[in-house]
Amino acid sequence: MAEVTVHVDAPADKLYSLVTDVRSMGRWSPECTGARWLAKASGPAVGARFVGFNRKGLVHWFTSCEVTAAEPGHHFEFEVRESGMVWGYRFVPSPGGGGTDVTEYRSEARRPGVVVRAVQRSGLIGRDRGTLMVNGMRATLERVKAAAEA
């Protein structure tokens, strides 16, 4: 598991609404350019599905995702079908209303398929994917922080 935590001077509910608006994820993430809810889903709910659009350099791809946790102001999580990765956010308000600690994390729920493993090993989407993902999580949270505190 890898995770990054950033303190934000904003309430947990506001931060939850920012990161669960998957259509706007391209504003925050250095790799995800946005997403679209699928079927009748229009927001975060367990079982809701969305397609994520990603870019690293000249390489573009999409992912199929399903929400696995949706607790407003507390926890948001989804699993990516292709990679077997679980991505999530936890929100812990500071005592006395002093903002919120936001943690973004990722963990492997299951081993990815052979095609995904081959692409990851090829370097097409970057070498040392683990370090790139941690740096990306930090960049994402810093962008969310800047927007929430503005």
Exercise. Does the stretch 99-150 hold any residues that are at pLDDT 85 or above, over 24 Å from ALA69 (Cα atoms) and outside any helix (DSSP H, G or I), and which are they?
Worked result: ALA150
Problem set entry | Test result for SER42, without any contact (Cβ under 8 Å) to a residue 24 or more places away in the chain and more than 20 Å from ARG106 (Cα to Cα) | yes
Exercise. Limited to the stretch 13-56, what total is found for residues that are touching a Leu at 6+ places or on another chain (Cβ under 9 Å) and over 24 Å from ASP101 (Cβ atoms)?
Worked result: 5
For this session: Would you please name the residue that is nearest to GLY136 (Cα to Cα), looking only at residues in the stretch 24-48 that are of a type in the set (D, E, K, R) and surrounded by 14 or more Cβ atoms within 10 Å (Cβ to Cβ)?
Result: GLU31
Exercise. Got at least one residue in the stretch 85-95 being more than 22 Å from VAL8 (Cβ to Cβ) and without any contact (Cβ under 8 Å) to a residue 40 or more places away in the chain?
Worked result: yes
Problem set entry | Counted residues, the stretch 2-23 - those being part of a loop (DSSP other than H, G, I, E, B) and farther than 19 Å from ARG138 by Cβ | 2
Exercise. In the stretch 83-98, which residues are in a loop (DSSP other than H, G, I, E, B) and crowded, with 19+ Cβ neighbours inside 10 Å?
Worked result: SER83
Exercise. Just checking, which of SER64, SER83 is modelled with pLDDT of 95 or more, under 16 Å from the mean Cα position of the chain (by Cα) and on the phi < 0 side of the Ramachandran plot?
Worked result: SER64
Seminar exercise, completed: Residues of the stretch 64-82 being under 12 Å from PRO44 (Cα atoms) and part of a strand (DSSP E or B), in sequence order, are CYS65, GLU66, VAL67, THR68, ALA69, ALA70, GLU71, HIS75, PHE76, GLU77, PHE78
Exercise. When you go through VAL80, VAL19 one by one, which is the residue that is in contact (Cβ under 8 Å) with a residue 40 or more places away in the chain and within 20 Å of ARG106 (Cβ to Cβ)?
Worked result: VAL19
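The values are calculated or read from the model by the stated rules, or taken from the named source; none is laboratory data. In this text the structure is predicted, and so the values were computed from the model without any measurement. So basically every Cβ, Gly included, is an ideal-geometry build from the backbone, and we count neighbours across all protein chains shown.
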